Amino acid sequence: MTPPTATLIGLTAILMWSLLSVLTVATGKVPAFQLAAMTFAIGAAVAFASFMFRPAAFGALKQPAAAWIVGVGGLFGYHALYFLALRFAPPAEAGLLNYLWPLLIVLFSSLLPGERLLPHHIVGALLGLAGTVLLFVGSGASGFEAGQVPGLLAAFVAAFVWAAYSVMSRKLKAVPTDAVAGFCLATAVLAALVHGLVETTVWPDTAAQWLAIAALGVGPVGAAFFAWDVGMKRGDIRVLGAASYATPLLSTAFLILAGFARPSANIAIAAVLIAGGGLIAARDMFRRRG
């Protein structure tokens, strides 16, 4: 698989993650960790079903402890911290701090063997950050109180956890992508345990809510992690980091289309900044393809 192809596969994860908000809204009032347990279980089940046609894929689950620590720590650790952030801090401010992870991926990539961080990668990432800041400010972000500090801190740490997981996936390039199925299953089990300790079970009320949960498990909390793994291990990690800023923008666009949000001038300007930043960061890939 060529780096441009792997990068394009990684970009599909960003598209799938942009559907996370609208599908989550459509699931009703299912508690966060219960929803995580259900959707990660679905994602793992779909992956294991595909193993039935590829029996050799089960061998991907035999990995060193380091691979499991990075995989499960990244998937469960990030989501646990993010859910904690949303519980104790305003969503806009928590989201803004959380979306430091694309910039951190671009910066951390310079620590990898054979990778070079060039000025246009940094410029692209910073433009994406500026667009994201504008997007969240336009959504009504408004300061914070002392009691919200733990949630804001959790969002900040979550950004580092996801960036570290993504970049370390490159270091663990020898670990096959099929191993992500095991990481998802372990994450589902851990989320179920936390749910049993801190939440009250609430089942979906309608068929539409069940369909939304199934869609989450197949896409944003399923296939997206496999696509991201391919992109991180074999694609252009700096391009994917900068392009990740498109996630909140596309997410907002899907919410507008679904009637959960309204368009604004801030969103339009943010779109220009984020798209421009992504194109600048991806300049090398376009040259190679040309």
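The values are calculated or read from the model by the stated rules, or taken from the named source; none is laboratory data. Everything numeric here is computed off the predicted structure, so don't read it as measured data. When we count neighbours, we look across all protein chains shown, and the Cβ atoms used for this are built from the backbone with ideal geometry, even at glycine. Calculation scope for accessible area: heavy atoms of the full protein, side chains included, ligands and nucleic acids excluded. Shrake-Rupley method; radii C 1.70, N 1.55, O 1.52, S 1.80 Å.
Taking label points 7 Å from Cα along the Cα-to-Cβ direction, V189 and A265 give a separation of 5.5 nm. Relative protection proxy for 175-188, 193-206, from highest mean packing down: 175-188, 193-206 (other beta-carbon atoms within 10 angstrom). For the stretch 56-63, backbone phi angles converted through the Karplus equation (6.51, -1.76, 1.60; θ = phi - 60°) give residue-by-residue couplings of 5, 5, 4, x, 5, 6, 8, 10 Hz, Gly and Pro being listed as x. Restricting the stretch 27-91 to chymotrypsin sites (Phe, Trp or Tyr not before Pro) that sit in a DSSP loop and have at most 11 other Cβ atoms within 10 Å of their own Cβ leaves F53. Applied to the stretch 5-22, the Karplus parametrisation 6.51 cos²θ - 1.76 cosθ + 1.60 on θ = phi - 60° returns per-residue 3J(HN,Hα) values of 5, 5, 5, 5, 5, x, 5, 5, 5, 4, 5, 5, 5, 5, 8, 4, 5, 5 Hz, with x for Gly and Pro. Distance between the 7 Å Cα→Cβ label points at V149 and L112: 3.6 nm.
Each of L257 and V133 was given a label point 7 Å from its Cα along the Cα-to-Cβ line. The distance between the two points is 3.0 nm. Against the criterion of solvent-accessible heavy-atom surface with a 1.4 angstrom probe, M16, M232, M168, M52 sort, most first, into M52, M168, M16, M232. Counting only protein chain heavy atoms and rolling a 1.4 Å probe, the accessible areas of K62, K171, K233 rank, largest first, as K62, K171, K233. Can you figure out the FRET efficiency of I69 with T201, using R₀ = 41 Å and their beta-carbon distance, to the nearest 0.05? About 0.90, to the nearest 0.05. Of all the accessible heavy-atom surface of the stretch 1-91, with the other protein chains kept in place and a 1.4 Å probe, what percent is carbon and sulfur? Exposed carbon and sulfur together represent 79 percent of the surface.
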